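Report on the structure given below.
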Amino acid sequence: MGLFGSKERKPRVVDVGAYHVDGLDYPVDEVVLLWGRLDYLLIRSAVHEKKYAQYILEFEQIKGIEIVSASQIIEANKSVIGRAVIGGLLLGGLGATIGAISGVGTKQKKIIENYLVINYVSAMEDDMKVMSFKLGEMIIAKKFVNEIRFRAGILDASTSEHPTTVKL
């Protein structure tokens with residue numbers, strides 16, 4: 001033991017909110033809480049806690065936990081009228097014509113959604129199962145995933161005991 005105490009890492013109680021996607025008996029987009037307790041992971045509905053069952057997953061059952069990103073491209077029609085009005089206000093009749101022409105077509109927007117995917121061994125059926133959740137806040141989710149990996153004994157490069165070295 002060093003002067004300032006032990007370097008042994010102790011488990012923390014962690015939690016994250018998410019939207020259910022698949023794998024449990026909740027509707028899609030049901031708001032759920034995933035709570036990392038000292039011995040298990042507790043999953044329950046955040047809104048309808050009396051309507052739906054809560055689930056307990058022992059850490060030894062968890063075989064993998066990852067954050068997966070999915071991107072999609074959304075196309076939306078440009079506003080012909082809105083662009084004509086703005087063009088008309090700025091440059092008169094010619095501006096309105098040019099604004100209307102520039103409003104023909106579609107614009108594309110890329111949206112990235114993050115999902116939490118948990119692979120586990122079912123206690124009742126002894127086979128591999130998957131559950132997935134759509135995430136919101138990534139900073140909290142990354143800390144949550146690292147803590148669950150630590151407790152489940154799942155190690156990878158991102159859960160190294162050594163902090164990142166930063167050259168100043």
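The values are calculated or read from the model by the stated rules, or taken from the named source; none is laboratory data. These figures come from a predicted structure and were not determined experimentally. Note that we place each Cβ from the backbone using ideal geometry, even for glycine, and neighbour counts take in every protein chain shown.
I need a count of the residues in the stretch 131-153 that are among the basic types (K, R) and under 21 Å from E30 (Cβ atoms).
Filtering the stretch 131-153 for residues among the basic types (K, R) gives 134, 142-143, 149, 151.
Applying the additional criterion that residues be under 21 Å from E30 (Cβ atoms) yields 134.
Residues that pass the stated criteria total 1.
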When you look at H20, is it more than 19 Å from K142 (Cβ to Cβ) and either assigned to a strand (DSSP E or B) or touching a Lys or Arg at 6+ places or on another chain (Cβ under 6 Å) (or both), yes or no? yes
Quick check: is even one residue across the stretch 40-48 surrounded by 15 or more Cβ atoms within 10 Å (Cβ to Cβ), part of a loop (DSSP other than H, G, I, E, B) and in contact with a strand residue (DSSP E or B) (Cβ under 8 Å, 6 or more places away or on another chain)? no
Can you say whether I74 is surrounded by 10 or more Cβ atoms within 10 Å (Cβ to Cβ), at pLDDT below 65 and not hydroxyl-bearing (S, T, Y), as far as the supplied structure shows? yes
Against the conditions (1) loosely packed, with under 14 Cβ neighbours inside 10 Å; (2) over 20 Å from N119 (Cβ atoms); (3) at pLDDT 70 or above, where does E30 fall short? Just the number, please. (1)
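Can you find, within the stretch 49-71, the residue that is surrounded by the fewest Cβ atoms within 10 Å (Cβ to Cβ) among those that are more than 15 Å from the chain's Cα centre (by Cα) and polar (S, T, N, Q)? Explain how you work it out, then say what you get.
Residues of the stretch 49-71 that are more than 15 Å from the chain's Cα centre (by Cα), as a first pass: 49-64.
From what is left, the residues that are polar (S, T, N, Q) are 54, 61.
Values: Q54: 13, Q61: 17.
Checking each candidate, the answer is Q54.
Out of the residues in the stretch 114-138 that are among the aromatic types (F, W, Y) and within 11 Å of the chain's Cα centre (by Cα), which is modelled with the highest pLDDT? Give the derivation first.
Residues of the stretch 114-138 that are among the aromatic types (F, W, Y), as a first pass: 115, 120, 133.
When the remaining residues are screened for being within 11 Å of the chain's Cα centre (by Cα), the result is 115, 133.
Values: Y115: 92, F133: 95.
Out of the qualifying residues, it is F133.
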Meets criteria (farther than 17 Å from G23 by Cβ and either touching a strand residue (DSSP E or B) at 6+ places or on another chain (Cβ under 6 Å) or surrounded by 13 or more Cβ atoms within 10 Å (Cβ to Cβ) (or both)) for N146: yes
Cβ-Cβ below 9 Å, separation at least six or inter-chain, first residue in the stretch 42-68 and in contact (Cβ under 8 Å) with a residue 24 or more places away in the chain and over 20 Å from A141 (Cα atoms), second in a strand (DSSP E or B) and among the polar types (S, T, N, Q): which pairs? Y52/S45; A53/S45
Scan of the stretch 108-138 for residues that are aliphatic (A, V, I, L, M) and assigned to a strand (DSSP E or B), ordered by number: I111, I112, L116, V117, I118, V121, M128, V130, M131, L135
Looking for whichever is part of a helix (DSSP H, G or I), surrounded by 15 or more Cβ atoms within 10 Å (Cβ to Cβ) and modelled with pLDDT under 85 here; the options are A100, A141. Which one fits? A100
